[in-house]
Amino acid sequence: ELLKVMRTIDDRIVHELNTTVPTASFAGKIDASQTCKQLYESLMAAHASRDRVIKNCIAQTSSVVKQLREEREKNLDNLTLLKQLRKEQTK
């Protein structure tokens, strides 16, 4: 859900561009380079934030997978543990 919210600016990029880049009739009233720069900076900030969240999720899941593998090596007959390991690996 968090990633979905963080993608909002990407999902609405056409709308953002249409509202950021002025039409010919508004070209003199709006500084297009400044508004484009602000849009670019907000996109880069959103991407960086999303990148951090994804990498954090990967690190946490990797840690859990490592722990489950160690437990699995100690108890090869535990099918519940094997299912949980596979579930984490496919996450």
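The values are calculated or read from the model by the stated rules, or taken from the named source; none is laboratory data. Since the model is a prediction, treat every value here as computed from it, not as a measurement. Here Cβ is always computed from backbone atoms with ideal geometry, including for glycine, and neighbour counts include all displayed protein chains. Heavy atoms of the whole protein, side chains included, go into the accessibility calculation; ligands, DNA and RNA do not. Shrake-Rupley method; radii C 1.70, N 1.55, O 1.52, S 1.80 Å.
Here r is the Cβ-Cβ distance between Ser33 and Lys55 and R0 is 30 Å; the resulting FRET efficiency, rounded to 0.05, is 0.40.
Per residue, the chain exposes an accessible area of 80 Å² to a 1.4 Å probe, with every protein chain left in place. When the Gaussian network model of the chain links Cα atoms closer than 10 Å, the mean-square fluctuations of Lys74, Lys55, Lys66 top out at Lys74. Rounded to 0.05, the FRET efficiency of the Leu81 and Arg7 pair, given R0 = 41 Å and the Cβ-Cβ distance, is 0.75.
When only the Cβ of Lys, Arg, Asp and Glu is charged (+1, +1, -1, -1), the dipole of segment 1-90 relative to its Cα centre reaches about 200 debye.
Round to the nearest 0.05 the FRET efficiency obtained for Met44 and Glu71 when R0 = 35 Å and r is the Cβ-Cβ distance. My answer for the efficiency is 0.30. For the chain, with all protein chains in place and a probe radius of 1.4 Å, 56% of the accessible heavy-atom surface sits on carbon or sulfur.
Rounded to the nearest 10 square angstrom, Val14 shows an accessible area of 100 square angstrom against a 1.4 Å probe.
Think of the chain as a dipole: +1 on every Lys or Arg Cβ, -1 on every Asp or Glu Cβ, centred on the Cα centre; then among Leu43, Val53, Asn18, Val53 lies furthest on the positive end. Taking Thr35, Thr19, Thr80 in turn, the Gaussian network model of the chain (Cα-Cα springs below 10 Å) assigns the largest fluctuation to Thr80. Size of the chain: Rg and Dmax of its alpha carbons, in Å, are 22.5, 74.
Here is how the number arises for the chain: DSSP H runs of 4 or more residues each give -39500 (n - 2.57), the sum is divided by the residue count, and the result at 222 nm is -25500 deg cm²/dmol. With a cut-off of 14 Å between beta carbons, the residues surrounding Leu85 carry a summed charge of +3, where Lys and Arg count +1 and Asp and Glu -1.
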